[in-house]
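Heads up, the thing below is written out as structure tokens.
No lab work stands behind these numbers, since they all come straight from the coordinates. Treat the numbers as computed from the prediction; the structure is a model and nothing was measured. Every residue, glycine as well, gets a Cβ built from its backbone with ideal geometry; the counts of neighbours run over all protein chains shown.
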Amino acid sequence: MDHSQLLSTFLVGVRSRTNAIRRLLTLESDRAFYLSLWELAQRYAQVASTPAEPPADLSLSRFELRVCSQNGEDGVLAEIFRRIGLPVRCFVEFGIESGREGTCVYLADVAGWRGLFIEADPALYRQLARKYMRSARVETMHALVTTDNVEALFERAGVPQEPDVVSIDINGADYWVWEAITNYHPRVVVIEYNAAIDPHRRLVQPRHQVSWDGTEFLGASLAAVQALGEDKGYRLVHTEMSGLNAFFVREDLATNRFPDSDGVAARGFPNYWLRGYRHPRAHRGQSYLDLDTGELIPAADAH
């Protein structure tokens, strides 16, 4: 390599390092995050061990607020707990990925709750475990949650019979796993549903098709999880604006504090990140189980 080539290579390296330094110098924390954090902390300051009076308008939509959650779950949970009280302050969340964001991350990182995070992906779990390795309050577990092992995992971690919140987000068998939880009675359940499916039909991904392929073929319709919740003694109290999560409160805690299920918005379209994003269409040959008829319905006919 001659001198001109050496000089050219050196200059390319310098420019690359300079650009990297410039990028580092322009990085800063999002100021909006800290404003949202302050607002959420003020809301939790109003939460006591006993229930508070609900507002005249029982809808939860205006309480959505994002701090550590993917969407508005943070603010919705704060208002739910304000209305029903917080005697335990314990959470369980599975499908948490790296723990960078999640339904219960604020509770773990800021509010000082104790709880359990479960993640199946090995690489993501390593990040999760590293984040909470020095925490005496938060336990992490590397496991694939199934209908067969969910209660055994809870028992192994010492989860109380009535945790304040259980969050289920596993992109597939969410419905079946919640159905399998019979010996634990969380006060609040947050579960992912599929807004791409007709919200008025009880359709669910068959038990044996539990892995997600990145398309719209996943999980269960809103009607399916709502009916399951009612069978288990829970009231649907909110669906967040992105059309991703449904919130349930145990019926003995919900009376006169939340809207009737019929008054909750049936968000029959995906609006992920509030930008109208939706996953690619399901592949041909994929079908949902119709819980009312027992028949398999092609995914293309489920909308």
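Quick notes on this one:
- For residue 63, the stated conditions do not hold, so it cannot be described as in contact (Cβ under 8 Å) with a residue 12 or more places away in the chain, among the aromatic types (Phe, Trp, Tyr), crowded, with 23+ Cβ neighbours inside 10 Å and touching a helix residue (DSSP H, G or I) at 6+ places or on another chain (Cβ under 8 Å).
- For the range 228-242, the tally of residues that are under 14 Å from residue 189 (Cα atoms) and among the small types (Gly, Ala, Ser) stands at 2.
- Hey, residue 233 in contact with a helix residue (DSSP H, G or I) (Cβ under 6 Å, 6 or more places away or on another chain) and either acidic (Asp, Glu) or on the phi > 0 side of the Ramachandran plot (or both) or not: yes
- Checklist (1) without any contact (Cβ under 8 Å) to a residue 12 or more places away in the chain; (2) within 17 Å of residue 167 (Cβ to Cβ) applied to residue 111, failing item: (1)
- At least 1 residues being surrounded by 19 or more Cβ atoms within 10 Å (Cβ to Cβ) is the threshold, and among the strands (runs of 3 or more DSSP E) wholly inside the range 195-298 those reaching it are 234-239, 245-250, 287-290.
- Which numbered condition residue 151 fails, given (1) crowded, with 19+ Cβ neighbours inside 10 Å; (2) more than 14 Å from the chain's Cα centre (by Cα); (3) not small (Gly, Ala, Ser): (1)
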